[in-house]
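The values are calculated or read from the model by the stated rules, or taken from the named source; none is laboratory data. Note that this is a predicted model, so its numbers are computed, not measured. Note that each Cβ is placed from the backbone with ideal geometry, even for glycine, and that neighbours are counted across all protein chains shown.
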Amino acid sequence: MKLFDVYPLLDINIVRGSGCHVWDDNGTEYLDLYGGHAVISIGHAHPHYATAIARQVSTLGFYSNSVINKLQEEVAARLGKLSGYDDYSLFLVNSGAEANENALKLASFHNGRTRILSFNKAFHGRTSLAVEATNNPAIIAPINANGHVTFLPLNDIEAVRAELAKGDVCAVIIEGIQGVGGIKLPTAEFLQQLRQACTDSDAVLILDEIQSGYGR
């Protein structure tokens, strides 16, 4: 069996990392400004990280959410304190697409609506609703193109208000910083107006900080 051909690959075989540097199988050293979709923001082979992972997998690698998990409770408490959102609920998932899928599903449960507002150049994932809310037709399969999503210009609050006024918008999903779309930022004023517009129309505002949040 061969690996599925997903991306065009650079002819580099990275075999080791330390801090912000990585090495290929020829011994060539690189400064890592990528960090694997920015998920290795603490650096490679950090001793505290490596020790904690080794200790945990030598004790218990995985178990179901159907039993008590004190480690998850500890993570929730620490994140709440660090972020200043102690009164929020934390739902731990495996990927950014999965987080957005669940956020959109919860929004639809909340108000019973089915239409989503997203923005030009948006990227929210490659699965089901998440990819439908991604503004890239090349990665949206016909089975995902279900007409749930309306794409609008970033920072155009009047366009958003016009769509929200129709009364059928379940959620508005927006990145704190558009990453895949080319490092484009919503303005602070636009985000504040968006927050108020969603509140007024009972639409759920979903801030997708998967690529820009958590210290990245």
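Of the residues screened, A159 is not one that is loosely packed, with under 13 Cβ neighbours inside 10 Å and either more than 20 Å from the chain's Cα centre (by Cα) or closer than 25 Å to H37 by Cα (or both).
With respect to the conditions (1) surrounded by 15 or more Cβ atoms within 10 Å (Cβ to Cβ); (2) in contact with a Ser or Thr (Cβ under 9 Å, 6 or more places away or on another chain), G167 falls short on a single one, namely (1).
Residues that are outside the structural domain of F123 (by TED's automatic domain parsing) and at pLDDT 95 or above number at least 1 in the following helices (runs of 4 or more DSSP H) confined to segment 1-108: 47-57, 70-83. Taken over segment 132-148, the criterion of being over 22 Å from A159 (Cα atoms) and outside any loop (DSSP other than H, G, I, E, B) is satisfied by A138, I139, P142, I143, N144. State which residue pairs qualify: first residue without any contact (Cβ under 8 Å) to a residue 24 or more places away in the chain and closer than 19 Å to D156 by Cβ and inside segment 107-127, second residue among the aliphatic types (A, V, I, L, M) and assigned to a loop (DSSP other than H, G, I, E, B) in any location, beta carbons under 7 Å apart, and separation of 6 or more residues or different chains. Within 7 Å, no pair qualifies. The condition of being touching a residue at least 24 places away in the same chain (Cβ under 8 Å) and surrounded by 13 or more Cβ atoms within 10 Å (Cβ to Cβ) holds for only one of T187, T150, that being T150. In this structure, S58 does not qualify as surrounded by 12 or more Cβ atoms within 10 Å (Cβ to Cβ), among the polar types (S, T, N, Q) and free of Cβ contacts under 8 Å to residues at least 40 places away in the same chain.
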